[in-house]
Amino acid sequence: MAERIESGGLQRLWQNGLLVLVFTLGAWAWASGLLPTMAALWDDIAYLGRQHVWLVVVSGGLAILVGVPLGIALTRRQLRRYGDAVLQFLNIGATIPTLAVLALSMSVLGIGARPAIFGLFIATLLPIVANTLAGIRAVAPHLIEAAEGMGMSPRQILIGVELPNAMLVIFAGVRTALAINVGTAPLAFLIGGGGLGELIFTGIALNEFAMMLAGAIPTALLAIFVDFIVGQMQLWTIPRGVNPLR
Amino acid sequence: METVDYILANWPLIASRTGEHISIVGVAVGLAILTGVPIGIAITQNRRAAASVLYAASIVITIPSIALFGMMIPILSLIGQGIGYLPAVIAVLLYSQLPIIRNTYTAITNVDPALREAARGMGLTRLQRLREVELPIAVPVIMSGVRVAVVMNIGVTAIAAYIGAGGLGAFISRGISQTDPRQLVTGALAVSVLAVVSDFALLALQRLLTSPGLREARAA
Amino acid sequence: MIRLDRVSKVFAGASAPAVDHVSMEIPAGEICVLLGPSGCGKTTTMKMVNRLIEPTSGEIYIDGKSTADQDPVQLRRTLGYVIQQIGLFPNKTIGENICIVPDILGWNRMRSRKRAAELLEMVALDPAIFIDRYPKELSGGQQQRIGVLRAIAADPPVLLMDEPFGAIDPINREIIQDEFLKMQATLKKTIMFVSHDIDEAVKMADRIAIFREGRLVQYDSPDNILAHPANAFVSDFFGGDRTLKRLQLLRVPDAMIHDPPTVTADDPLDRAAALMAEHGHTSIVMVGPRGRPRGFVDLKTARDGRGKVGENHESLATTIKLSENLRTAVSTMFRHDVTWLACVDEDGVLKGYVTLRGITHLLAGAYRDG
């Protein structure tokens, strides 16, 4: 997401869009008798919502904790030659639809939260590793040369030069990965992992729009919310000097 | 292995579901190109419009596919098409907008300004400039956006099986509900293979459509 | 051929005009260089001719027709346009690039291709090799030549060039400038050429238009401007060595003493001395049977010596050709520590002398008479 959008316009758009969204949803909810249904289902929404968030946080968190170090490791001297092969493998892996990943995870690990988390973890891992790898490799060689020339150790170069400059790309990878994660989390229901997907799929199967929307809308809002949070983190935590957004 | 036997035994079914799958993705992405590329070109004229359109498209894409399907059901039920082929195509069409519009917009705004000035100074009309210079240069990037759209939407279409759209996702959904690992693995493998093959095929197409003058310099 | 009548351009929100009531006329077949410091309005002025920028007031006439009356796109197709960054379309072959305007004007393919091949030959690039190559396979200098060819492909009578040679290294730049002048000698196009390089302007222009802060300060031939700058700005702009710059505009015959007295090897020294006294020279050239210089004798040797010229001559360090300019002549004199040179034609036959004194006098003549 490299285009430079004026942040003032962004703020205004975000506010307007949210307003329109809420209004439309409100009108719709009124018309389709959603509100009473949602009120009745509120306990379920809350419970499943917590499960949903749990799935996202655990699988996403694991993916970040494993993915970023893995990406960094692949740029270090010893493992550098495997970098291209791994990148190719990751690229192919990234084309595999997440439903398939979950299905395969289930066929190996059975049903429940564990295979769901594992499947989501795998799906989320790939963009993070790929972007970390690419981001560090993309750091201008003359910066590293200057750092080496000044006598910085490889570890100091990593922390002081490579990571700050790769931050933007890594964050973009995390953002994409979490978007995929939140987007696929509803499918966890299919393999017994719970989450808001239960309301959605059950609603579809039983032909009850209200139930389905009761699951779909919170899911959609959660997805937008997570993306927004990560976007803000990207804006504020990356140091100004390497942050074109600031 | 049982799965292999299953595949061999049900080859026609696999083929027909693959056909359904390709049809949904193909039609939808095709339409997305017809809408997305002109929109991408149009917003290069106006930065504010560009910001709005791109942000709107990126919001659409963060909505999980099953949620999007779900939200369309009530609307499309009004014309009796709540489930099945149409919602799947519409969802894929919407999801494809961001990669295609964004890539078109980026590619065209990144065209070297010197080329634009030379073209204008020589007396090419806006349309001629687009056709002779800007679009051919933008093709590789636009195609890359189409590739992303196709691969992503092969996955989305797999989920569409849950709203009755057919396709290879049906193997997965039946495999789960009937606790049949053969169907499950068949479906998962089929969708994966389709995705990987499409990616490579479109990459080849991208190379074909790129002018030789734009490719990496060949050894003298 | 190109006439600007009180043309002005004021950009929105600017306090001063970028171009302020400029009037000038470029006769057909001449190169006019718009010269001046950054921001003086020269590029803006040129871009108003092909209406990439619209004038705020004033009229521009090309061959008698006002540019304002024509559709801008159609107008541009009748003018050649070359920019500094060249702007060859990377997705098209060289042949396709050259023929862009002919193609949109509807020429048939064979005619276009023939034209492209002709033009490539004109700049010594073998069509068989280059017509199907792509821009990225060519060097910067080659690309720049193609840029010029592209501008003249449809044979427009007028060419607009915006610092076209600025992006090339100095060595290649000189070569391309020379080639271009040769091409212009045949094609005789009317050319408006923007430059900030004084030496380029002096070399290429039939007339120079000096711009400062949007106004046309002086419009004249290079030699006149160098000899008679209109004000302190112009003289400072060309620098304290501007008289030296005039040297490259003059050729050896301009300063040469024609029909010089000569002696042969068999002439006695007395004759040499007498000739020198008669003409007021301090040296005389000894020539061979076909008139080629073989050496020289100076006045002192002729007076004090005995015998024939052939026994007492010194050898000439070097000679200078009639086709050379005076800057080269002076440079040669400095190198060989002499104050005069024997001038020869292409066959080596002596045609005259050129002296430092004579050159000085010639240059100063502009200031005495002017």
Obtain the nm distance between the two label points defined at C:Asp63 and A:Ala140 by a simple spin-label model: each point lies 7 Å from its Cα along the Cα-to-C-beta direction.
5.0 nm
Calculate the dipole size of the range C:238-370 relative to its Cα centre from +1 charges on Lys and Arg beta carbons and -1 charges on Asp and Glu beta carbons; express the result in debye to the nearest 20.
380 debye
Just want the ordering: C:Arg215, A:Arg77, from fewest to most Cβ atoms lying within 10 Å of their own Cβ.
A:Arg77, C:Arg215
Label points 7 Å out from Cα along the Cβ direction at C:Leu356 and C:Val73: separation in nm?
6.5 nm
DSSP beta bridges in chain C [antiparallel fraction, %, rounded to 5]:
55 percent
Which FRET efficiency, nearest 0.05, do C:Phe334 and C:Asp169 yield, Cβ-Cβ r, R0 22 Å?
0.25
Counting partner chain Cβ atoms within 10 Å of every residue's Cβ in B:32-42, what's the average?
0
Please arrange C:Phe193, C:Phe334, A:Phe201, C:Phe233 by counting, for each residue, the other beta carbons lying within 10 Å of its beta carbon, fewest first.
C:Phe334, C:Phe233, A:Phe201, C:Phe193
In degrees, nearest ten, helix B:135-160 long axis to first principal axis of chain B (Cα):
20 degrees
Peptide C:86-99 - average C-beta neighbours from other chains (10 Å radius):
5
Near the amide H of C:Gly80, under 5 Å away, which other amide H atoms are found, from residues 5 or more places off or on another chain, if H is placed in the peptide plane?
C:Val158, C:Leu159, C:Leu160
Cross-link reach list, aspartates and glutamates versus C:Lys308, counting only Cα pairs under 20 Å and skipping chain neighbours closer than eight places
C:Asp266, C:Asp267, C:Asp270, C:Glu278, C:Asp298
Using 32 Å as the Cα-Cα cut-off, could you pick out the over-long pairs in C:Lys47/C:Lys203; C:Lys114/C:Lys136; C:Lys245/C:Lys300?
C:Lys245/C:Lys300
Roughly how crowded by other chains is peptide B:99-111, in terms of the mean Cβ count from those chains within 10 Å of each of its Cβ atoms?
1
Between the Cα axis of helix A:7-31 and the main Cα principal axis of chain A, the angle (0 to 90°, nearest 10) is 20 degrees
Ranking C:Ile191, B:Gln178, C:Asn97 by how far each Cα lies towards the positive end of the charge dipole of the protein assembly as shown (+1 on Lys and Arg Cβ, -1 on Asp and Glu Cβ), the top one is B:Gln178
Fewest first, what order do B:Ser23, C:Ser112 take by the number of other Cβ atoms within 10 Å?
B:Ser23, C:Ser112
Quick calc, C:Glu25 & C:Asp241: beta-carbon distance into FRET formula, R0 35 Å, rounding 0.05, result 0.70
Show me the ranking of peptides C:218-231, C:3-16 by mean Cβ neighbours inside 10 Å, starting with the highest.
C:218-231, C:3-16
The answer for chain C, counting only DSSP H helices whose Cα atoms cover 18 angstrom or more along the axis and whose Kyte-Doolittle average is 0.5 or greater, is none
Figure the gain on full extension for A:Thr24 and A:Val242 (residue separation times 0.36 nm, minus the Cα-Cα span) and round it to one decimal in nm.
74.5 nm
State the antiparallel share, in %, of DSSP beta bridges confined to the range C:158-230, rounding to the nearest 5.
50 percent
Just how large is the dipole of the range A:119-236 about the Cα centre, in debye to the nearest 20, putting +1 at every Lys and Arg Cβ and -1 at every Asp and Glu Cβ?
100 debye
To the nearest 10 degrees, how steep is helix A:98-109 against the longest Cα principal axis of chain A, on a 0 to 90 scale?
90 degrees
When the Karplus curve 6.51 cos²θ - 1.76 cosθ + 1.60 is applied with θ = phi - 60°, which whole-Hz ³J(HN,Hα) does each residue of the range C:65-70 get, with x for Gly and Pro?
9, 6, 6, 5, 7, 9
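Read the figures in this text as sums done on the coordinates, not as results from a lab. In this text, all values refer to a predicted model and were calculated from it rather than measured experimentally. So basically every Cβ, Gly included, is an ideal-geometry build from the backbone, and we count neighbours across all protein chains shown.
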